[in-house]
Each structure stands twice: as C-alpha cells, then as structure tokens.
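To start, the structure itself, in structure tokens.
The values are calculated or read from the model by the stated rules, or taken from the named source; none is laboratory data. Model, not experiment: these values are computed from the prediction. Backbone-built Cβ (ideal geometry, glycine too); neighbour counts: all protein chains shown. To get the accessible areas, we keep the full protein, side chains included, count just its heavy atoms, and leave off ligands, DNA and RNA. Shrake-Rupley method; radii C 1.70, N 1.55, O 1.52, S 1.80 Å.
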Amino acid sequence: MRFKARPLQFLVMILAALTAAPVFAQNKTLQIVGFGDSLMAGYQLAPAESYTAQLEAALKAKGLNVAINNAGVSGDTSSGGRGRIDWSVPDGTDGVILELGANDALRGIAPEQTEKNLDAMITRLKARNIAIYLVGIMAPPNMGSDYAQKFNPIYERLAKKHALPLYPFFLDGVTTVAGMQLEDGMHPNAKGVAAMVEKSLPSVEAFLGDIGSQQK
C-alpha cells in the first residue's frame, strides 16, 4: 500500500529532520581528563571523593553532559607528566584540567624546569586540538620567599602566553583551613575537595561552555 503524506504531516517530518542533528550535537558527552598529581588523584580518598568525581557530579547536577576521567598520579612531577601526557590523554578528549607542579616545589626543582615542562605539555595538547584549563599551585612557605617569587608566577605567565583559562590556586579554601585536610596537613580530605569543587565550579563551567561553543 502506498503512503501519501498530507502537507501538514510532511512539514512536520521535514522540521523534525532539520532539528534532529543540532539536538544530538548538544547532547554529546564532553570528554574531560583531570591530569595531575595526588591532588587530582584523590590521595587516601575513596574514588567517589576525588576532585574529578566530585566535579563531575556537581556538573551533572547542573545539567551538563560531561565525563571526567581521573589521570592523576600521586607523587608525579611536571617531568613525569610531560613523559606520559600523550598516553594518559586519549584521542577523543575534548579538554584537560592540567594540574602539576606541587611535587616540583616540594622537591625544590628549579622553577624554570617546571615551567619548561608545563609549557611542553600545553603545546602538545594544543597541537592535538585539546582545550586546556590550567590549574595553579603555590610553593610551600618552607621553600623560602626567593623560591616562591620564581615559582608562583609560572602559571599566570603560561596562561597569558597560551591564552588559557587559569584557576590560580587549586587548594584555595583548603590550605590553613581547619577540618579540610588529611592528617598529613597537605592533602585535602573529602570535605576539602568539596570546597575545591565549589570554588572552581563557575570557571570550569565557563571552560566547558567555551568547548561546547567551539564544537557547534
């Protein structure tokens, strides 16, 4: 039996076809990688308590379609990150939250070397057309003011050089705040991570929005 569509039915079918593709594109899951050290990995925390897990949950609660893979390695330095950046960030990744340098500062590694390694990672990710959200770290006070004056400006300088969004200090709201750290006094506990997520959430949302707009 031959089907003869009425004019109104035909118009509805055409409109449905024209709008199907954009709706699908908007619903595409953004693939994000949290690339860093123990602060990203969630040292001594349950997987669901890590920064990447809590951030993903917070973003989904706001209606964003996003998956955040945790590529944090405890003890990693900028040199170690540079060596694994390619295989730790798979093809198909839309964006990377890049957080490294804390262990460099704890070990007193020359800030110039840390900056060189971060610069190389950023350059590599950009060459792969992967967006970058740069996360800064501050040198611990025991390293002295001279070291801090050389280390702390690294992230702002790189953000300006590569035109990247920058979250200045990953541990904002955690350092020196009672009840936010593990017994070692260095790493955030689950409550501390929640504070980190809350503070960084607006700028991460803006970062994801930029990725989404570029993909349209």
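Points to keep in mind about this one:
- Remark: the chain carries a charge dipole of roughly 1280 debye about the Cα centre, counting +1 on each Lys and Arg Cβ and -1 on each Asp and Glu Cβ.
- Cut-off under 5 Å, modelled amide H: who pairs with residue 37 long-range: 73
- Residue-averaged [θ]222 nm for the chain, counting only DSSP H segments that reach four residues, each worth -39500 (n - 2.57): -16000 deg cm²/dmol
- Reachable lysines, given that their alpha-carbon falls under 20 Å from the alpha-carbon of residue 116 and they are not under 8 places away in the same chain: 126, 150, 160, 161
- Rolling a 1.4 Å probe across the protein heavy atoms gives the chain an accessible surface of 54 Å² per residue.
- The stretch 44-167 - percent relative contact order, Cα under 8 Å, separation 6 or more: 21
- Share, in percent, of DSSP beta bridges within the chain that are antiparallel, nearest 5: 5
- For the stretch 31-172, the Rg and Dmax computed from alpha carbons only, in angstrom: 14.6, 45
- Surrounding net charge for residue 38, when Lys and Arg each add one and Asp and Glu each subtract one, Cβ distance under 12 Å: -4
- Overall form of the stretch 97-216 per C-alpha gyration tensor (a/c, 1.5; a/b vs b/c): oblate
- Mean separation of Cα contacts under 8 Å, 6 or more apart, over the residue count of the chain: relative contact order %: 19
- Accessible-area composition of the chain, carbon plus sulfur, in percent [1.4 Å probe]: 58
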